[in-house]
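> A single structure is presented below for examination.
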Amino acid sequence: MVGAREVLHHLSTGAIARSLADPATVFIVAERAGHLIGFAQLTIGATHACAGPEATVELGRLYVQRAFAGKGVGTMLLARSEELA
């Protein structure tokens, strides 16, 4: 379960605005009838000691609204993330 501090830190309007302004951050969104039902947040060019010296793509967050859990939305977002990576 996501805590209030995490929401305020990572999903506040300001935090999302900063992520959207970052050219290394990509959002893939899933919507239904014009409403956001899920998203994947990727960082292009991320580095990590376990990944070696080459740049990678990191999946930072995958979110699906509870009402759409188990309906393939997360699978679709993950597949699209892999395609972009």
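The values are calculated or read from the model by the stated rules, or taken from the named source; none is laboratory data. All values derive from a computational prediction rather than experimental measurement. Accessible surface is based on the protein model in full, side chains and every heavy atom, while ligands, DNA and RNA are left aside. Shrake-Rupley method; radii C 1.70, N 1.55, O 1.52, S 1.80 Å.
> Give the long-range amide H neighbours of R32: residues separated by 5 or more places, or on another chain, with amide H under 5 Å away, using H modelled in the peptide plane at 1.01 Å from N.
Here the answer is I37, since their amide H atoms fall under 5 Å of that of R32.
> Once every DSSP H run of n ≥ 4 in the chain is given -39500 (n - 2.57) and the sum is divided by its residues, what mean residue ellipticity at 222 nm do you get, rounded to the nearest 500 deg cm²/dmol?
Numbers: 3 runs with 28 residues, N = 85.
Rounded to the nearest 500, it is -9500 deg cm²/dmol.
> For the chain, what does the relative contact order come out to in percent, with C-alpha contacts under 8 Å and a separation of six or more?
Over the chain, the number comes to 22 percent.
> Would you check the accessible area of I44, probe 1.4 Å, heavy atoms only, in square angstrom rounded to 10?
80
> What is the angle, in °, between the Cα long axis of helix 73-84 and the longest principal axis of the Cα atoms in the chain? Nearest 10 is fine, range 0 to 90.
On a 0 to 90 degree scale, this one is about 30.
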